Amino acid sequence: MRIAMIGTGYVGLVSGACIADFGHQVTCVDKDSAKISALNSGEIPIYEPGLKDIVQSNAGQGRLLFTTALGDALPGADAVFIAVGTPSRRGDGHADLSYVYEATREIAAALTDFTVIITKSTVPVGTGDEVERIIRELRPDIDVAVVSNPEFLREGAAIHDFKHPDRIVIGTDNERAKRVLTEIYRPLCLNQAPILYTGRRTAELIKYAANAFLATKITFINEIADLCEKLGADVQEVARGIGLDKRIGSKFLHAGPGFGGSCFPKDVRALIKTAQDHDVPIRILEAAETVNDMRKRAMARKVSSAFAGVLRGKTVAILGLTFKPNTDDMREAPSIPLITALQDMGANVRVYDPVGMEQAKQVLADVTYCEGPYDCVEEADAAVIVTEWEQFRALELERLRDLMACPVIVDLRNIYSPEDMKKHGFAYTSIGRAPTFRPVNVYVPGCSPSLSRASAVAARDQAMARDDNGD
């Protein structure tokens, strides 16, 4: 089949490349001529494992094309996907649909025959109705079918998710459109991926409801983690205990600094606004959004508590900047409010991320960018693990300890064992678990940038000895 994909952002590029890999002929369209030029040269504008190989392979075989000219992509197309951005609108939190409607008008002008138009972008309920109204108003001479086909891709695992979906949601009552979508996704029949046919508005709401539920689940376990710290319980064991219940499941029960990224924050915000507009406020989502926003900045207090609440003049190393591993996406990343809060407290901040440094430079100022994790922690008074990159899970702990001015680790992803960190001489605190030492002993008052490393190590060893003696 011939497919036009409007938009070469995260959703459009991944979807276009995977559909081309099914054997269809796909033309991706974007107004950004620099991006199209880069894609035609084999350069990928985003980091996503496996994407570069699949793009270059299908482009090399002539199944995946890139152009700025919509008129080149539409003639003869069996389906047109709209995969443009829908960011939060400034001022009110509603989804900004200007790019969707602009693409719709341009599609309408280029139509020559019956076409299935598919919204892949995450859009509020009723957007498909408006897309259809615009097209029929501009082109009453052309028959179209407007379909909602939301994406459910996880950044860092998008290729796998597209090719091995839990479900494919298709929102349409048009039988002709159903046949087209069934043919597009026919290669997935081997994986027995269930296709769920619904009404268009239902499909649009499924996407928002799914993301809102997962965001709420994350917020729930984060609040349970806070309670665990007060009660002396272990949030990881609590999460496992409830996650083994098949009614609950173990996914998205990992306590941390709060959810971020390009989807959850804006989709929760948009669903809240939609519900308010229809006089059906969703209080649980309103609470989840508020708790999550407060949590990101509050993580700085975990760091400052290691120094009796005083961070002025301290050096803090941040390991991980992106909102999750295996992506360079900095949108709504917890690292951003954490770092600004640390800076507001007077700390000097050093940062390192395996792939997100260039994106981070666009949103973070007055930080020192380092070449690796060990370079980042050198002479630091504390190190904060913000993103659970694989390479941070196996750091050489003795080397890490010896490089730091003060061996304080704040693990916001719980990737290390408190017992192991204590054995290696760290003052260690994490999320929803007791610190390695009693607070009076963990935090070595003498640790400061002015101390030599030898003095800091001696202060640490004295604190460990006091703790071991029960003092």
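The values are calculated or read from the model by the stated rules, or taken from the named source; none is laboratory data. Everything numeric here is computed off the predicted structure, so don't read it as measured data. Neighbour counts run over all protein chains shown; Cβ positions are idealised from the backbone, glycine included. In case anyone asks, the SASA skips ligands and DNA or RNA and just uses the protein heavy atoms, side chains included. Shrake-Rupley method; radii C 1.70, N 1.55, O 1.52, S 1.80 Å.
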The lone exception for Val11 - which of (1) open to solvent by 50 Å² or more (accessible area, probe 1.4 Å); (2) assigned to a helix (DSSP H, G or I) it fails: (1)
Residues (hydrophobic (A, V, I, L, M, F, W, C) and surrounded by fewer than 22 Cβ atoms within 10 Å (Cβ to Cβ)) located in the stretch 302-316: Ala308, Val310
Matching residues, the stretch 206-235, being more than 22 Å from the chain's Cα centre (by Cα) and farther than 19 Å from Ile248 by Cα: Asp226, Leu227, Cys228, Glu229, Lys230, Leu231, Gly232, Ala233
Members of the stretch 402-428 that are free of Cβ contacts under 8 Å to residues at least 60 places away in the same chain, over 20 Å from Ala255 (Cα atoms) and among the small types (Gly, Ala, Ser): Gly425
Any chance Glu132 is open to solvent by 30 Å² or more (accessible area, probe 1.4 Å) and out of contact with any strand residue (DSSP E or B) (no Cβ under 6 Å at 6 or more places or on another chain): no
Boolean, Ile159 is under 19 Å from the mean Cα position of the chain (by Cα) and of a type outside the set (Ser, Thr, Tyr): yes
Residue pairs meeting the criteria (Cβ under 8 Å; at least 6 apart or on separate chains; first in contact (Cβ under 8 Å) with a residue 12 or more places away in the chain and within 22 Å of Ala333 (Cα to Cα), in the stretch 265-276; second open to solvent by 40 Å² or more (accessible area, probe 1.4 Å) and among the β-branched types (Val, Ile, Thr)): Leu271/Ile282; Ile272/Ile282
Residue that is β-branched (Val, Ile, Thr) and touching a Gly at 6+ places or on another chain (Cβ under 9 Å), where the choices are Thr182, Thr112: Thr112
Residue that is farthest from the chain's Cα centre (by Cα) [pool: residues in the stretch 261-301 that are basic (Lys, Arg) and open to solvent by less than 30 Å² (accessible area, probe 1.4 Å)]: Arg295
Scope the stretch 70-105; condition touching a residue at least 40 places away in the same chain (Cβ under 8 Å) and either loosely packed, with under 15 Cβ neighbours inside 10 Å or touching a Phe, Trp or Tyr at 6+ places or on another chain (Cβ under 6 Å) (or both); matching residues: Asp72, Gly76, Val84, Gly85, Pro87, Asp92
Filtered residue count, the stretch 112-136, keeping only those that are out of contact with any Leu (no Cβ under 9 Å at 6 or more places or on another chain) and either of a type in the set (D, E, K, R) or free of Cβ contacts under 8 Å to residues at least 24 places away in the same chain (or both): 6
The stretch 416-444 - residue that is surrounded by fewer than 18 Cβ atoms within 10 Å (Cβ to Cβ) and not charged (D, E, K, R) and, of those, modelled with the lowest pLDDT: Val440
Given (1) touching a Phe, Trp or Tyr at 6+ places or on another chain (Cβ under 9 Å); (2) free of Cβ contacts under 8 Å to residues at least 24 places away in the same chain, index of the condition Arg399 fails: (2)
Some residue of the stretch 186-200 being surrounded by 17 or more Cβ atoms within 10 Å (Cβ to Cβ), at pLDDT 95 or above and part of a helix (DSSP H, G or I): yes
Qualifying positions in the stretch 14-26 - over 23 Å from Asp329 (Cβ atoms) and surrounded by fewer than 23 Cβ atoms within 10 Å (Cβ to Cβ): Phe22, Gly23, His24, Gln25
Some residue of the stretch 376-394 being open to solvent by 20 Å² or more (accessible area, probe 1.4 Å), among the hydrophobic types (A, V, I, L, M, F, W, C) and at pLDDT below 95: yes
Members of the stretch 337-375 that are among the aliphatic types (A, V, I, L, M), outside any loop (DSSP other than H, G, I, E, B), in contact (Cβ under 8 Å) with a residue 40 or more places away in the chain and surrounded by 20 or more Cβ atoms within 10 Å (Cβ to Cβ): Leu338, Leu342
Matching residues in the stretch 337-394 - criterion: being among the small types (Gly, Ala, Ser), over 22 Å from the mean Cα position of the chain (by Cα) and within 23 Å of Gly156 (Cα to Cα): Gly372, Ala394
Check on Pro257, in a helix (DSSP H, G or I) and within 15 Å of the chain's Cα centre (by Cα): no
All positions within the stretch 63-76 that are part of a loop (DSSP other than H, G, I, E, B) and either more than 24 Å from Leu181 (Cβ to Cβ) or modelled with pLDDT under 95 (or both): Thr68, Ala69, Leu74, Pro75, Gly76
Filter pass, Glu155 being modelled with pLDDT of 95 or more, open to solvent by 10 Å² or more (accessible area, probe 1.4 Å) and out of contact with any His (no Cβ under 7 Å at 6 or more places or on another chain): no
Yes/no for Lys230 being outside any loop (DSSP other than H, G, I, E, B), at pLDDT below 95 and open to solvent by 40 Å² or more (accessible area, probe 1.4 Å): yes
Where a residue in the stretch 29-50 is in contact (Cβ under 8 Å) with a residue 40 or more places away in the chain and its partner, wherever it lies, is open to solvent by 40 Å² or more (accessible area, probe 1.4 Å) and among the polar types (S, T, N, Q), with Cβ under 8 Å and at least six apart: Val29/Thr68; Tyr47/Asn326; Glu48/Asn326; Pro49/Asn326
